[in-house]
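Undergrad: My structure is below; once you've seen it, I'll send some questions.
What follows is calculated from the coordinates using simple rules that are stated; it is not laboratory data. These figures come from a predicted structure and were not determined experimentally. Positions of Cβ are generated from backbone atoms using ideal geometry, with glycine treated the same way; all protein chains shown enter the neighbour counts.
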Amino acid sequence: MGKIVGGITTSHIPAVGNAIAREMFQDPYWKPFFDGYPPVRDWLAEVRPDVAIVIYNDHGLNFFLDAMPTFAIGAATEYRNEDEGWGIPTIPPFKGKPELSWHIIEQAVADEFDITSCQQMAVDHGFCVPMQLLWPDRDTMPAAVPVHINTVQHPMASPSRCHRLGQSIGAAIESWPEDIKVVVLGTGGLSHQLDGERAGFINKDFDLMCMDKIVDRPDELAAFSVLDLVRDAGAQGTELVQWLTMRGALTGKVTKLHSNYHIPISNTGAGLMLLENA
Ligand code: DHB
Ligand code: FE
């Protein structure tokens, strides 16, 4: 049976990809951000998950505004990275686990979520930056199932619907016949707005409230509307739905093992959390 060992949330800021490439880990600007990660890496080295479900949003690399699926799940043997124009070096492809992908897609569609299934999928910074942060040693990196949620173009799925999609993904993992350990990543957030009159908007109080409630009271976060998130967390703060989807997939008793919050990193309130699922 698939065992969900825990959930990890992390921001996925492209500038972090550049800082990794330049090894700026001790730089005074970056140190408080990178220093958050070793406890999570230690936990991953101990638990050694076989698969990572990576819930993120594509920002225009694989899907563009002309055709934007609300939910898309990768079902490929590998996922390539490509140049997005941020100046981040392109990195080698990530390993997939297509049989598990199809199992999750089958469950989600049976649960009445309309999923775009992707037998080819390029993965952008929303996927790659967290994978690099969590597994700097590629040899230890697990296979991945990418799950894209549209937070780029309105209309977007509501936070509660995303939370329920997470529950469907969790049920699928637990009904997978093989004995595997699965970690679920929710990437993006927290508050940020990249354009328009409120460009640079960050809401620390809101971010810390989300980091508190995601542990034991995700229903209270799921009660927000998309426009509530835009108001309180900025236009791109809608990426919080990826955290909620992750949380929906945690089926057991959830314990916070570690968290870190630092502002600003680029334009974003950068949050990191490790939640154990027992
Ligand atoms: C930034 C944050 C994001 O989540 C993103 O997708 C792009 C840029 C930023 O803070 O610069
Ligand atoms: Fe983003």
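Undergrad: With θ taken as phi - 60° and the coefficients 6.51, -1.76 and 1.60, list the Karplus ³J(HN,Hα) couplings across region 28-33 in order, rounded to whole Hz; mark glycine and proline as x.
TA: x, 5, 8, 3, x, 7
Undergrad: Using Cα-Cα distances under 8 Å and only pairs 6 or more residues apart, what relative contact order does region 146-278 have, in percent?
TA: After rounding, I find 35 percent.
Undergrad: Once phi is turned into ³J(HN,Hα) by the Karplus curve 6.51 cos²θ - 1.76 cosθ + 1.60 with θ = phi - 60°, what whole-Hz value does each residue of region 205-222 show in order, with x for glycine and proline?
TA: 4, 5, 4, 5, 4, 5, 5, 6, 6, 5, 6, 10, 10, x, 4, 5, 6, 5
Undergrad: Average projected area of the Cα convex hull of the chain, in nm²?
TA: 12.9 nm²
Undergrad: In terms of modelled amide H atoms, which long-range or inter-chain residues lie less than 5 Å from the amide H of I265?
TA: Hits under the 5 Å cutoff: A270.
Undergrad: Less than 21 Å apart at the alpha-carbon level, and either on another chain or at least 8 residues along: which lysines does that give for K204?
TA: K31, K213, K256
Undergrad: Excluding residues fewer than 8 places away in the same chain, name every one of the lysines whose C-alpha is closer than 19 Å to that of K97.
TA: Excluding near neighbours in sequence, the set is K3, K181.
Undergrad: Taking 25 °C and 0.890 mPa s as the conditions, I'd like the Stokes-Einstein D for region 84-222 in µm²/s, using the Kirkwood hydrodynamic radius from alpha carbon pairs.
TA: 141 µm²/s
Undergrad: Can you compute the equivalent ellipsoid semi-axes for region 153-270, i.e. the square root of 5 times each eigenvalue of the Cα gyration tensor, sorted largest first and rounded to whole Å?
TA: 27, 16, 12
Undergrad: Quick one: what Rg and Dmax do you get for region 137-198 from the alpha carbons, in Å?
TA: Reported Rg and Dmax, both Å: 15.7, 51.
Undergrad: Sorted by packing (mean other beta-carbon atoms within 10 Å per residue), highest first, where do 44-52, 101-109 land?
TA: Ranking the peptides 44-52, 101-109 by packing returns 101-109, 44-52.
Undergrad: Defining a contact as two alpha carbons under 8 Å apart and six or more residues distant in sequence, what relative contact order in percent does region 40-130 show?
TA: Value for region 40-130: 40 percent.
Undergrad: Tally Lys and Arg at +1 and Asp and Glu at -1 over the other residues with C-beta under 11 Å from the C-beta of A75: what net charge comes out?
TA: -1
Undergrad: Restricting attention to the alpha-carbon atoms of region 1-48, what are Rg (one decimal) and Dmax (integer), both in Å?
TA: Answer for region 1-48, Rg first and Dmax second: 13.4, 45 Å.
Undergrad: Provide the packing ranking of 74-81, 85-92, i.e. peptides ordered by the mean count of other C-beta atoms within 10 Å per residue, highest first.
TA: Listed from highest to lowest mean packing, they are 74-81, 85-92.
Undergrad: Further question: Pairs of Cα atoms under 8 Å, at least six residues apart: use those to get the relative contact order of the chain, whole percent.
TA: Value for the chain: 32 percent.
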